[in-house]
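Since the structure comes first, as structure tokens, the remarks are kept for the end.
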Amino acid sequence: MKIDILAAACAAAISVGSTAFAQTAEFKCPDKGTVFVTRGDGADEQMVAAGQEGDACISQRTSGGKAMTLREHWGIIGSVDAAGDSYARGLDLKSLWPLKVGNKISQTVNGVGYDGKPYATPVTITVAAYEKVTVPAGTFDAFRIEERKADDPAPRIRWWAPAIAATVKQSFPDWQDRSRLKVYELVSVKK
């Protein structure tokens, strides 16, 4: 009897423990017209999903009263300018998909910094976990994706939720004050 209970407990532990590792997600963009509101640095930003162009999810973003087009390459790395596009295209993001805990890329990226100067930096992006994350918009099952650059004091972390095909939370070092960490969270989502 004791052996049966122990065997059942072990089987349950293995089943629960492997659930997170069995999770995968295919690449997709949010449904066109979906409205996302995020909050960070004391301000709200609104994004409206506008479709897909190749490997990028396109959205119209309004931040501080300024409208711009955001391109999120493979749904993970966003850019609003040519320098950001250059950086994202320098990474083999496609090899992370389908997302699965343990997927990882490491490579050197050549880009242009905020100061306009060219640079080369080693970058590692890892699908680190599949976990629940709670933000003002609710609780989501999400992949925690960590992006580490050689010169950053902390990784950029994104929590990408398959249910809405979008990042629900992210944290990253402030490029103007490297000792400061910025955090953005999803406040609402409406389809």
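The values are calculated or read from the model by the stated rules, or taken from the named source; none is laboratory data. Model, not experiment: these values are computed from the prediction. When we count neighbours, we look across all protein chains shown, and the Cβ atoms used for this are built from the backbone with ideal geometry, even at glycine.
Go through the range 97-139 and count every residue that is of a type in the set (A, V, I, L, M, F, W, C) and touching a Leu at 6+ places or on another chain (Cβ under 8 Å).
Keep residues of the range 97-139 that are of a type in the set (A, V, I, L, M, F, W, C), which gives 97, 99, 101, 105, 109, 112, 120, 123, 125, 127-129, 133, 135, 137.
Now narrow it down to the ones that are touching a Leu at 6+ places or on another chain (Cβ under 8 Å): 105, 109, 123, 125, 127, 135, 137.
So the answer is 7.
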**Fill in**
Going through (1) farther than 26 Å from K117 by Cα; (2) modelled with pLDDT under 85 one by one, S86 fails only at (1)
**Request:** Determine, yes or no, whether D81 is surrounded by fewer than 16 Cβ atoms within 10 Å (Cβ to Cβ) and within 26 Å of K117 (Cα to Cα).
**Result:** yes
**Prompt:** How many residues, within the range 169-185, are more than 12 Å from the chain's Cα centre (by Cα) and touching a residue at least 60 places away in the same chain (Cβ under 8 Å)?
**Reply:** 3
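Conditions (1) within 14 Å of the chain's Cα centre (by Cα); (2) without any contact (Cβ under 8 Å) to a residue 12 or more places away in the chain, marked per residue:
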residue	(1), (2)
H73	yes, no
G78	yes, yes
R89	no, no
L96	yes, no
L99	yes, no
K104	yes, no
N110	no, no
**Message:** For the range 55-77: of the residues being touching a helix residue (DSSP H, G or I) at 6+ places or on another chain (Cβ under 7 Å) and in a strand (DSSP E or B), which is nearest to F27 (Cα to Cα)?
**Reply:** H73
**Request:** Could you pull out every one of the strands (runs of 3 or more DSSP E) wholly within the range 87-191 that has 2 or more residues that are crowded, with 19+ Cβ neighbours inside 10 Å?
**Result:** 118-135, 138-149, 156-161, 166-173, 181-190
**Prompt:** Is there a residue in the range 49-56 that is touching a residue at least 40 places away in the same chain (Cβ under 8 Å), of a type in the set (G, A, S) and surrounded by fewer than 16 Cβ atoms within 10 Å (Cβ to Cβ)?
**Reply:** no
